[in-house]
1. Which numbered condition trips up ASP22, out of (1) modelled with pLDDT of 90 or more; (2) more than 23 Å from the chain's Cα centre (by Cα)?
2. If the requirement is being at pLDDT 95 or above, over 30 Å from SER162 (Cβ atoms) and surrounded by fewer than 18 Cβ atoms within 10 Å (Cβ to Cβ), which of these qualifies: GLU30, GLU68?
3. Given the condition hydrophobic (A, V, I, L, M, F, W, C), touching a residue at least 60 places away in the same chain (Cβ under 8 Å) and assigned to a strand (DSSP E or B), answer yes or no: does some residue in the stretch 34-43 qualify?
4. So, in the stretch 343-360, how many residues would count as being surrounded by fewer than 18 Cβ atoms within 10 Å (Cβ to Cβ) and out of contact with any Lys or Arg (no Cβ under 8 Å at 6 or more places or on another chain)?
5. Restricting to the stretch 244-268, count the residues that are at pLDDT 95 or above, among the hydrophobic types (A, V, I, L, M, F, W, C) and surrounded by fewer than 24 Cβ atoms within 10 Å (Cβ to Cβ).
6. Quick one: which residue in ALA202, ALA247 is touching an Asp or Glu at 6+ places or on another chain (Cβ under 8 Å), small (Gly, Ala, Ser), over 27 Å from TYR48 (Cβ atoms) and in contact (Cβ under 8 Å) with a residue 40 or more places away in the chain?
7. If you take the residues of the stretch 97-154 that are out of contact with any helix residue (DSSP H, G or I) (no Cβ under 8 Å at 6 or more places or on another chain) and among the aromatic types (Phe, Trp, Tyr), which of them is farthest from ASN313 (Cα to Cα)?
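The values are calculated or read from the model by the stated rules, or taken from the named source; none is laboratory data. In this text the structure is predicted, and so the values were computed from the model without any measurement. In this analysis, Cβ positions are derived from the backbone assuming ideal geometry, glycine residues included, and neighbour counts consider all displayed protein chains.
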Amino acid sequence: MLRCRIAVLVCLLLDADFNSADDLPGIATEKPAAGFSVESAQGWLVPYDITIPGTEIMFRMMPMHGGEFKMGSSDAEAGRKDDEGPQRKVIIEPYWMAECEVKWEEYKLFMQLYRSLKEFEERRIRIVTDENRIDAITAPTPLYEPDFTFEFGEDPKQPAVSMTQYAAKQYTKWLTAITGQQFRLPTEAEWEHACRAGSSTAFSFGDDASKLDEYGWFKDNTNGEGTKPVRQKKPNTWGLYDIHGNAAEWCIDGYVPYTASDKPVDAAADWVRTDKPDPRVVRGGSWEFPAAECRSAARLGSNDLEWKAYDPNRPRSPWWYTTDPARGVGFRLVRALKPLSREKIEEFWKIDSEDIEFDVEDRISGGRGVFGLVDKDLPQAILDLQK
């Protein structure tokens, strides 16, 4: 099975090199005169823009402070649910998080990979073997009913939505390979830390839910019309836009109740591993959620059976959801200051469920999916196909 092959390959590639933080953008040796910056032992973390190779499409990464924070909500917080406690102390190292959710202009590049990878396969170019499969991804198959997915728009600046957590993980692996920067989904603790931006209130801007209209798109100001283009509302104090509402956002964790502990949680390492396809953690609330469900501590667990209810395929797609609230679910990128080893970053990218593995293998064996190698040469190889 695929998981066994990957496990063997990981053991062979534990010494695979990732660029050190010093080789990558976002670090200044001196404190900038103005703007967002975060001090670390390696230097000052600063905002930086990255252009996706082979395109003119760009997004911005913002520095997030390290330190400690209290995760979850208190019993006194308005709108609190039982799954938000008990509160626990979290320790965290500085990192970068994307200013906005991944947008359609970015995600559609990933969607277009399907055709390119199929053509590579047909031409016997960049062949995936047992030896290099660890460097391969699957690209999402074409949408079965795009008019439904795009009912509320596909503006390039709208958040991309409806992808499964598995598809979002594959996106981060692809982007890492072609940029040389190590991207992944945030842990649940990293997400809440970034959302709070140093606050301990219900929202990053305070406890007054009536002010949410200034910061996010949610049930009361979207008229049931779906997500809106990013960056139209105020950011939180760490420069993150649409962190409350618009599109809810995938985290890497499995969704489980919190447990009481006197030991601080390591935000980057102590996340919830799972071998079940669901529930997985979604944070931030979306355009169709009330204000209380867009709070910093609010949690949502995915439900594959309900979120794929309209999918006529059997097995159902491992890349796409078909049913609300999934049209309000997207994701946001994280880059750690210190890159993880190949073994540890694979935990953020790999297939971790036999059910998902079966669905992927079934699609590929039936010709409805494809594996393809991802590396720094991929963008040029795709351009070469067009000659």
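1. The single condition ASP22 does not satisfy is (1).
2. On the way: GLU30 fails: at pLDDT 95 or above.
After ruling out the rest, the residue left standing is GLU68.
3. Going residue by residue through the stretch 34-43, those that are hydrophobic (A, V, I, L, M, F, W, C) are 34, 36, 38, 41.
Pick out the ones that are also touching a residue at least 60 places away in the same chain (Cβ under 8 Å) and you get 36.
Restricting the remaining residues to those that are assigned to a strand (DSSP E or B) gives none.
So far as the stretch 34-43 goes, no, none of its residues is hydrophobic (A, V, I, L, M, F, W, C), touching a residue at least 60 places away in the same chain (Cβ under 8 Å) and assigned to a strand (DSSP E or B).
4. Here the count works out to 3.
5. 2
6. Just one listed residue meets the conditions, ALA202.
7. It comes out as TRP104.
Residues checked against (1) within 21 Å of PRO325 (Cα to Cα); (2) in contact with a helix residue (DSSP H, G or I) (Cβ under 7 Å, 6 or more places away or on another chain); (3) charged (D, E, K, R):
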{"position": "GLN232", "(1), (2), (3)": "no, no, no"}
{"position": "LEU240", "(1), (2), (3)": "no, yes, no"}
{"position": "PRO257", "(1), (2), (3)": "no, yes, no"}
{"position": "ASP262", "(1), (2), (3)": "no, no, yes"}
{"position": "GLY284", "(1), (2), (3)": "yes, yes, no"}
{"position": "GLY301", "(1), (2), (3)": "yes, no, no"}
{"position": "LYS308", "(1), (2), (3)": "yes, no, yes"}
